1. With charges set only on the Cβ (+1 for Lys and Arg, -1 for Asp and Glu), what does the dipole of the stretch B:1-267 come to about its Cα centre, in debye to the nearest 20?
2. Going 7 Å from the Cα of A:ALA19 toward and past its Cβ, which residues in the stretch A:75-116 have a backbone nitrogen under 11 Å from where you end up?
3. How high is the relative contact order of chain A, given as a whole-number percent (alpha carbon pairs under 8 Å, six or more residues apart)?
4. Across chain A, how many lysine pairs, 8 or more apart or on two chains, come within less than 21 Å at their alpha-carbon atoms?
5. List every residue whose amide H lies under 5 Å from the amide H of B:ILE67, counting only residues 5 or more places away in sequence or on a different chain, with H placed 1.01 Å from N in the peptide plane.
6. Starting from the Cα of B:ILE419, step 7 Å toward the Cβ, then list every residue of the stretch B:313-348 with an amide N under 19 Å from that point.
7. When the convex hull of the Cα atoms of the stretch B:1-267 is projected onto a plane and the area is averaged over all directions, what value comes out in nm²?
8. Less than 12 Å Cβ to Cβ from A:PRO18, Lys/Arg counted +1 and Asp/Glu -1: what total charge do the surrounding residues give?
Amino acid sequence: MIEAFLALFPAAVLAQAPAIMVAAPMLGAALATVLPGGRPAWVVALFCSLITAVFAFVLLFQTWGGEVISYAMGGWAPPLGIEFRIDGLNAPVLLLLGVLSLLGVIFALPSVADEIAPRKQSLFYATFLVCLTGLIGVTSTGDAFNMFVFLEISSIATYILVAMGAEQDRRALTASFNYLVLGTIGATFFVIGVGFLYMATGTLNMHDMALRLVELDDNRVVQVAFAFVIVGLGLKAAMFPLHVWLPNAYSFAPSFVTAFLASTATKVAFYTLIRFIFDVFSVEAPFVSAAFVWVIAALGVIGMIAASVQANFQTDARRLLAFSSVGQLGYMLLGLGIGTAAGVTAGVLHLLNHALMKGALFMALGVFAIRYGVRSINDLRGLGRTMPATASAFSVAGLSLVGIPMTVGFVSKWYLVSAALDRGWWWAVAAIAVSSLLALGYVGRLLASIWLQSPPERALMAAKDRIPVMMLAPMWVLAIANVWFFFDATPIVELARGAAEAALAGAPR
Amino acid sequence: MTVWSVELALVAALVIPLLGGAGVVALGRHPNLREAATLTAAVLLAINVAYLVGAAEARPEITLVHIAPGLDLAFRLEPLGALFAAVASGLWIVNSLYSIGYMRGNEEKNQTRFYLCFTIAIASAMGIALSANLLSMFVFYEALTLSTYPLVAHKGDARARRGAAIYLAILLGTSIGLLLPAIIAVQFIAGSTEFVAGGLLAGAASPLAAGVLLVLFAFGIGKAALMPIHPWLPHAMVAPTPVSALLHAVAVVKAGVFAMLKVGTYIFGPDLIAAAPTSGALAWIAALSIVAASVIALTKDNLKARLAFSTVSQLSYVTLGVMLASPIALLGGALQIVMHAWGKITLFMCAGGIYTATKKTEVSQMRGLGRLMPWTFAAFGIGAASVIGLPFFGGMWPKLFLTEGALDAGKLILAGALIASSILNVAYLMPLVGRGFFDRAPPAKEIRKPAPVLAVLPPVITAIGALLLFFLVGPIVDFLSPVFGLEGGGAP
């Protein structure tokens, strides 16, 4: 089947796949800016994200079984030229980006038409495509400084996208500004770290860097660089306690932006963490392995508990889910902190699964918002009766977040707990259990409001007109994926396992 | 080529109720046909399970879904599961008849949803009964919790919603917070979660690890309602009575204690439980639950609340049997699942019958009603006698075996707790029957409308069943003996 799919493309196209992935949305962005209205720009965005989705599959199949694609950008050979390097670790992340941006764009048309002024819509889609370009670039590139550039491209686009929420709520502006300040600090930390690494190794190519770092375990500059990189990328990934920008950004951004960011942007930042910790640096370096228990795993566990507790006290549904995202990131960090192949597998598995959950949840909130303009948990009451299709999808994804069997959340938890036990970390198992109970608490609040409260009068009045299929379909695709990949978990587990293998392969010592 | 096989029958036990559910939805606009779908499914399921009981010897198994390497949803038939499936499916027929009488008699709303959720719940119970490993059991355990939630919240008023929320919070909370980590730990220690004769963990886990796991299982299986995890059960009584009868006297709670029994028998094994440092303490907690819940039951005037606490008490008999971990005590626990199911469903159906006819819910309002509703009160009396454990009623056997198990283990006080509980049972169940018959009859207008035949006949059937089980215990013991390594037949 893989051969049949790849045979559809001419060999010349296949060879250029990494470049096409990043070029398509970039050119699309330029095109979208000059288009007159929202709808033509949307068609461009749809086309571009379709291309990225298709080529994400191409790259995944090309790297299936441990192959590594090294693509010299512009024909300049690495390590001097910029290299795009696709392996088992970033191919699944590219797939996630491609598929979720495609679903997101389908969802966007009615949602953006409702939330963004018509004259700004084409620029909005252009910004989205720039953001997508940046995210794909960050994921694909094998060059540390190039990664910083793409990280900034995606981040600056994200600040704009978040600020677009100002038409609904002016607080989006402060949220975006806070995000800008913190995001810039994060990027600065990262680039300082990369600078130190360049100083110590004399190369910016990450693969090359890894080979040279093997002999530099005791180098103070390298150790400082590690700290800077972790803090910088941790901030982008919203690692507790560097997450303070995230709740506001998610709460006030347009619905589509929140759904897109929650399922992709922090995931990409998390990928960069894995890339640096495991691939550029090495688990075998003493200063890295010391960080596992006391930084990565510890912050993961604290985040898992603290952010989940905070989520329980929110009154705004989107804020609640934003805190939940911080908490869920804790699971992924814990997986990394375990440091074994099983742990990284669990971390990546949860990365993929969490994107499925949060994508569906935020999309459902977007549907609620477009129909009733509701955001607070109290306003969700009775939606189970007035909007059963959306409320059901929300509930499926919500139960997945808790980790109920027959959802992917259960598979995540199973692998994570197994990995923790494997390492003998009983305290981590206890933390996962407590965090799951907290998740049950906050999801329970949402579901109780949706299903158990009676709808206010006005809601019943307005319930006549229909919800656009373009919003329902992508949401339900994600909700069904949440169930499907429980019963057929093998593909997604294999992706995660392949990613862990690629991450741990590292440089030979 | 044979089309039919035992393996297919295993799958059919899951599929038949679900097909029945599909039928219920398809026929939702025609109440008579809809109920026919439920009844057809119930009868087919009972026939299928009867066939399975006959085939349990061969231990057939089938993998339903291959989730990921090492993780399977699979079924394997063994005597305990076959017995639980037989009880649940057999009583589903009686209860379906009763549901029709009750739901129509009380003009309940959303009946299609009610019957649909009922079929899903029964399918989940079958899944629990037939599971080949802990993972499969956990999946169906949670499915049972979620599918019964709409049934508990059926009335939709504030009280029903609150009760249902507590129900869900406790059952999901304990299962995710305690049971799931325990299951994954078993997977980690033993490399699988298969149910293995003699105990999967025997020889693999240290007594200390087993002790910790035992605690996690005992409280993680919230459906077993061991104190202090029990409050969901009284709160679940806001459900319509057929739900309380079949689910909260048979399928749900028995799924809990059945899971406990199965974990004790096939995951730990009696020897490991005996060696675990916590089993003694858990036996005491079970004994305390037995007595304390009986005392609380005594103070409840609401009949269903009283029966709920009685159930809490009776369920802990099974947990006690598991913790005593001797063959005779385990056998007593297994028998308790059967005997208590027949007795308690009778009591609940009688309570519902009384409510349908008179709208009375409090014990103190029911004086003399026996003269107006003789069949219902007679059935109640038999059911009560069986639950108490009086001779010539099925409920006597498990009490006898459990007491013997406690005495064998040299735990006189535990045996005393069992006897004390039986006395308390008499005190909270029998006055209703006595006063029902012997107090002055209330004016006949107390009966607003006579209870439908379908609300009176089913408890009479189950009451007769509770009587017959006293004599039928031999074959059941023979059937179960190999599981616990007991030498064949009859009462010891």
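Every read-out reported here was derived from the displayed coordinates using simple, explicitly stated rules and does not represent laboratory data. This one's a predicted model, so the numbers in the text were calculated from it and none came from an experiment. In this analysis, Cβ positions are derived from the backbone assuming ideal geometry, glycine residues included, and neighbour counts consider all displayed protein chains.
1. 760 debye
2. Under cut-off, by backbone N: A:75-76.
3. 15 percent
4. Number of lysine pairs found: 5.
5. Close amide H contacts, sequence-distant or interchain: B:ASP72, B:LEU73.
6. B:317, B:321, B:329
7. 14.6 nm²
8. Neighbour charge sum, excluding A:PRO18 itself: -1.
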